[in-house]
Amino acid sequence: MRSIEPGIHNHHSSFDEGWGPIGLQPSPFVVMDSGPIAFAMSRNDDWDDGLTDLPAAITPPTPRSRFPNAAPPGSRTLSITDPDAPKTAFVFAGGGSFGAVQVGMLQALAAHGVAADMVVGSSVGALNGAFYAGDPTVSGVARLAEIWRGLNRQDVFPVSWRTLVGFLWRRDFLIPHDGVRRLIEDYIPFRNLEDARLPIHIVTTDIISGDSVVLSEGSAAEAIVASTAIPGAFTPVHYRNRYLADGAISSNTPVRVAVKHGAKRLIVLPTGHACANQAPPVGALANALHALTLLIARQLVNELENIGPDVEYFVVPPLCPLVGSPYDFSRTSDHIARALDTTNAWLASDGLKAGHIPHELQPHDH
């Protein structure tokens, strides 16, 4: 069980510590403490992942099926075709419309035969990760690219005069969850997380305690909607006695979650941030999302710098220079195409031979 650090606590019963009520079934929740303590370790320190132990009844299963893809000659394949190979996790970060970047990355990885044993995602990465976990094939990723190219802002952030008037009346959220729910219902090929073709773990945040709450079974729609619920824009999702919101608040790049679930190789797919903008994005929500992408990048760097030496990690370089806003979907096709090209180049230059944090992820500007 976890220990509570001074100043970080809540008043939940043992149900929230990873178990159901005494004598009943285990809870699908895994709770991770958040806060600045989570990143205060050095590489030489023991890496306390801050997650509760999983009961045996919900230990992540071994891969339920295999999806090998033919890899080009000379390419390095990290996949589940070798039963003795260390488990590989695809880790999907968040970033609004910049999630299109992950799609181009996935296309390149799939074409080179790079596959995953499990998926961990947060925010828009939960949506992309869920689609991939449902169809982790070259054709599946191509379908995901097609879906993204057809999206516009109103599909995800349906802001209208009606929603603005509703906000003034309720004053608790600006945007309904209808757009995200519709995307899940239309395109995610499973209803419960445990039914995905690959194990998937969705990171959300308990908006009351600040804990990271990892959902590995139960309603896929509720998990993804909660993980994408940006505070202020969307209302928190009341799910299983918790109020859950965007995973970015506590652990948007859930590296430790992947390690906790047995991954020894991490392939991290960041969305990046608009490093080449000459001025802040226009609009309150656009600015909030931009700030969130900056937080995500810094958090990812901190998590990877403190990972244990027994875990390999490979960070696919995000786009740089990158302009625009994570609230703007007009550049989706360009983001996918550029990410496909840069990831192919990264793989060709032996990007999977030695893990390091790419300079594109470090704080910088142009």
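The values are calculated or read from the model by the stated rules, or taken from the named source; none is laboratory data. Nothing here was measured: the structure is a model prediction, and the numbers come from that model. Here the Cβ positions follow ideal geometry from the backbone for every residue, glycine too, while neighbour counts run over all protein chains shown. In case anyone asks, the SASA skips ligands and DNA or RNA and just uses the protein heavy atoms, side chains included. Shrake-Rupley method; radii C 1.70, N 1.55, O 1.52, S 1.80 Å.
Would you please name the residue that is surrounded by the fewest Cβ atoms within 10 Å (Cβ to Cβ), looking only at residues in segment 129-160 that are touching a residue at least 40 places away in the same chain (Cβ under 8 Å), under 18 Å from the mean Cα position of the chain (by Cα) and under 14 Å from ALA339 (Cβ atoms)?
ALA145
All but one of (1) surrounded by 21 or more Cβ atoms within 10 Å (Cβ to Cβ); (2) modelled with pLDDT under 95; (3) touching a helix residue (DSSP H, G or I) at 6+ places or on another chain (Cβ under 7 Å) hold for SER216; which doesn't?
(2)
Filter segment 333-366 down to residues that are part of a loop (DSSP other than H, G, I, E, B) and surrounded by 14 or more Cβ atoms within 10 Å (Cβ to Cβ), then give me how many there are.
Total satisfying the criteria: 5.
Is it true that some residue in segment 309-318 is in contact (Cβ under 8 Å) with a residue 60 or more places away in the chain and closer than 25 Å to ILE147 by Cα?
Checking segment 309-318: at least one residue is in contact (Cβ under 8 Å) with a residue 60 or more places away in the chain and closer than 25 Å to ILE147 by Cα.
With the requirement that a residue be farther than 22 Å from LEU300 by Cβ and open to solvent by 60 Å² or more (accessible area, probe 1.4 Å), what does segment 320-330 give you?
The one that is farther than 22 Å from LEU300 by Cβ and open to solvent by 60 Å² or more (accessible area, probe 1.4 Å): SER330.
Identify, by number, the condition in (1) open to solvent by 10 Å² or more (accessible area, probe 1.4 Å); (2) touching a residue at least 60 places away in the same chain (Cβ under 8 Å); (3) closer than 19 Å to LEU361 by Cβ that SER209 doesn't meet.
Here SER209 clears every test but (3).
Which residue is farthest from VAL124 (Cα to Cα), if the candidates are limited to segment 262-291 and must be part of a helix (DSSP H, G or I) and open to solvent by 40 Å² or more (accessible area, probe 1.4 Å)?
Step by step, filter segment 262-291, then rank; the result is ALA284.
State which residue is modelled with the highest pLDDT when the search covers only segment 292-319 and only residues that are surrounded by 14 or more Cβ atoms within 10 Å (Cβ to Cβ) and charged (D, E, K, R).
This residue is GLU312.
In segment 161-197, which residue that is of a type in the set (Lys, Arg) and at pLDDT 85 or above is surrounded by the most Cβ atoms within 10 Å (Cβ to Cβ)?
ARG197
In this structure, is ARG256 in contact (Cβ under 8 Å) with a residue 40 or more places away in the chain and open to solvent by 40 Å² or more (accessible area, probe 1.4 Å)?
No; evaluated as a whole, the condition is false for this residue.
Quick check on my filter: what residues within segment 226-248 are surrounded by fewer than 22 Cβ atoms within 10 Å (Cβ to Cβ) and not in a strand (DSSP E or B)?
Correct list: ILE230, GLY232, ALA233, THR235, PRO236, ARG240, ASN241.
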